[in-house]
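Accompanying notes for the structure given below.
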Amino acid sequence: MNSFLEILVQVFSQPAILVALIALVGLLLQKKGGADVMKGTVKTFVGFLVLSAGAAVVVGALDPFGTMFSEVFGVQGVVPNNEAIVGPVLQEYGTVAALIFFFGMIINVVFARLTRFKYIYLSGHVALYQSAMIAVILMVAGFEPWQAVLWGSIAEAVITTVSPAVVQPFMRRVTGNDTVALGHTGGFGIALSGLVASVTGGDPEKSTEKLKVPKSLGFVRDSTVVVALSMGLIFVIVALVAGPAYVQAEISDGQNYLLWAVMSAGQFAAGVFIILAGVRVILAEIVPAFKGISEKLVPNAKPALDVPITFTFAPNAVMVGFFSSLVAGILGMAVMGAAGTAVIIPGIVAHFMTGGASGVIGNAVGGRRGAVLGSFANGLLITIVPLLLLPVLGEIGTANSTFGDSDYGVVGLYLGWLGLGGGQGLIVAGIVAATLALFGASLLAGRRAKRLERRAEAEREESEATA
């Protein structure tokens, strides 16, 4: 049983396999020919592997930069890194986390079927990390393993249904349609960026993608060139401050420190280029394939995909969002240091991924101003939330890393504070209340949609009568 469960978890925690299986099911439900099924499934699978390869290249460039960054600022503290914190969690609570993850995915599909929130969460790797955090909180609260699996699965399904829903109004502004959603543990922070952009008076017409530049600088219209030059400048400056002795001894394995900085910036730009290529393939295949699931299993279902799915729509906004989010993280770190609390060191990968998506969302809603201010708000959120999360994680919270994205904070603080305030009974009541709220929100959304339909119909009839 354990080996079978382990295989299932390994399969469903691989987003490339998961999304390829979804594409396969969708194409089969549409009764496509064998050639079309094979082509759509394989291209979706390969597209996600391309995206993942690009992400790995980006992370490979950012990880040593993060180490050098800590040296330059002279701080030691807690690093929000999901991969680092999940390791010890799975060692101690692996079976419970795996079962929460598996059953949470099933309940997510059930919720998509029963409510108006038709989002099927396909980012299996971050869903697994989120399940691990839920397992920690419930086990620390004293639940038996079977109880933790039962209530944790429901909690996981609620957050994976709600998170894409809160981002979707802004995603529609980005994509121009309602066919694809965002499925990532940074969803609430990214939605916050859209909300901030909407209230700060930015003009969507003044887009980051329409920056006016002299003809002599026309090369900066190419997003790959912009990424390489901007990151090259940052890498070189930080390497200069860190100094050749430190970089060549601790970071670059003896390579000249300036050459290493330039090559790492190029590696980062190459990773972004690969991500964008993978996203284009996925969008071309998964959205049509999802039509079969929409028609047969979950009417009007929408795939909720990882953050790089947003990057192709506004590549310049990705870099604006990253820088703005990172600045917020640095300021937050400085304030924590002055206040004498635990110091949350900016997680470079988290700020790039969620900050980049926040920049795209903010740009679509409020132009350049929205991209800067929206992603700055995201950066503050993912700096504050990890600090607040530490006390509810038990012994895991004393480690040098923690969960970094905003959704971890939403579900983690909700369950953790309930546990601290009233123990297991209050946690169960809170999960039940959240589930009821989900269905209540679905009911209200349905009534609102019907009112809008009736109003549109009345306006149509009035227009025809006037004509």
May I ask you to list the residues in the range 53-91 that are small (Gly, Ala, Ser) and at pLDDT below 75? ALA55, GLY66, SER70, GLY74, GLY77, ALA84, GLY87
Which count do you get for residues in the range 301-333 that are small (Gly, Ala, Ser) and either modelled with pLDDT under 85 or within 23 Å of ASN177 (Cβ to Cβ) (or both)? 5
Can you name the residue in the range 93-103 that is surrounded by 23 or more Cβ atoms within 10 Å (Cβ to Cβ) and of a type outside the set (Ser, Thr, Tyr) and is also nearest to LEU21 (Cα to Cα) among such residues? PHE101
Within the range 104-121, considering residues that are surrounded by 24 or more Cβ atoms within 10 Å (Cβ to Cβ) and hydroxyl-bearing (Ser, Thr, Tyr), the one farthest from the chain's Cα centre (by Cα): TYR119
GLY423 is checked against (1) touching a helix residue (DSSP H, G or I) at 6+ places or on another chain (Cβ under 9 Å); (2) over 19 Å from ILE190 (Cβ atoms); (3) open to solvent by less than 40 Å² (accessible area, probe 1.4 Å) and fails just one. What number does that condition carry? (1)
What tally of residues in the range 26-44 results from selecting those that are at pLDDT 80 or above and outside any loop (DSSP other than H, G, I, E, B)? 13
With respect to ASP203, determine if the residue is acidic (Asp, Glu), more than 15 Å from PHE313 (Cβ to Cβ), in a loop (DSSP other than H, G, I, E, B) and touching a residue at least 24 places away in the same chain (Cβ under 8 Å). yes
From ALA239, ALA270, grab the single residue that is part of a helix (DSSP H, G or I), within 28 Å of the chain's Cα centre (by Cα), modelled with pLDDT of 80 or more and not charged (D, E, K, R). ALA270
Between a residue in the range 126-146 that is at positive phi and any residue that is open to solvent by 40 Å² or more (accessible area, probe 1.4 Å) and modelled with pLDDT under 90, which pairs come within a Cβ distance under 8 Å, given they are 6 or more apart or on different chains? GLY142/GLN424
Does ALA249 satisfy being modelled with pLDDT of 80 or more and closer than 27 Å to GLY47 by Cα? no
Identify, from the list GLY332, GLY337, GLY321, GLY379, the residue that is assigned to a helix (DSSP H, G or I) and within 30 Å of ALA289 (Cβ to Cβ). GLY321
Given the conditions (1) open to solvent by 10 Å² or more (accessible area, probe 1.4 Å); (2) within 26 Å of GLU71 (Cβ to Cβ); (3) among the small types (Gly, Ala, Ser); (4) touching a residue at least 60 places away in the same chain (Cβ under 8 Å), which single one is not true for GLY321? (1)
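Conditions tested, residue by residue: (1) open to solvent by 10 Å² or more (accessible area, probe 1.4 Å); (2) part of a helix (DSSP H, G or I); (3) at pLDDT below 90; (4) at negative phi.
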position: VAL158; (1), (2), (3), (4): yes, yes, no, yes
position: THR161; (1), (2), (3), (4): no, yes, no, yes
position: PRO169; (1), (2), (3), (4): yes, yes, no, yes
position: VAL213; (1), (2), (3), (4): yes, no, yes, yes
Out of THR185, THR179, sole residue that is surrounded by 24 or more Cβ atoms within 10 Å (Cβ to Cβ), outside any helix (DSSP H, G or I) and out of contact with any His (no Cβ under 6 Å at 6 or more places or on another chain): THR185
Search the range 137-149 for residues being touching a helix residue (DSSP H, G or I) at 6+ places or on another chain (Cβ under 8 Å) and part of a helix (DSSP H, G or I), and hand back the single one that is surrounded by the fewest Cβ atoms within 10 Å (Cβ to Cβ). PRO145
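Yes/no matrix, rows are residues, columns are (1) without any contact (Cβ under 8 Å) to a residue 40 or more places away in the chain; (2) open to solvent by less than 10 Å² (accessible area, probe 1.4 Å); (3) over 30 Å from PRO391 (Cβ atoms); (4) not charged (D, E, K, R):
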{"position": "GLY271", "(1), (2), (3), (4)": "no, yes, yes, yes"}
{"position": "ILE274", "(1), (2), (3), (4)": "no, no, yes, yes"}
{"position": "ALA289", "(1), (2), (3), (4)": "no, yes, yes, yes"}
{"position": "SER325", "(1), (2), (3), (4)": "no, yes, no, yes"}
{"position": "VAL335", "(1), (2), (3), (4)": "yes, no, no, yes"}
{"position": "ALA350", "(1), (2), (3), (4)": "no, no, no, yes"}
{"position": "GLY355", "(1), (2), (3), (4)": "yes, yes, no, yes"}
THR383 fails exactly one of (1) open to solvent by less than 20 Å² (accessible area, probe 1.4 Å); (2) polar (S, T, N, Q); (3) over 16 Å from the mean Cα position of the chain (by Cα), namely (3)
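The values are calculated or read from the model by the stated rules, or taken from the named source; none is laboratory data. On a predicted model such as this, the values are computed, not experimentally measured, just so you know. Neighbour counts are summed over all protein chains in view; Cβ atoms, including those assigned to glycine, are modelled from backbone coordinates with ideal geometry. Surface accessibility is based on the protein's heavy atoms, side chains included, excluding ligands, DNA and RNA. Shrake-Rupley method; radii C 1.70, N 1.55, O 1.52, S 1.80 Å.
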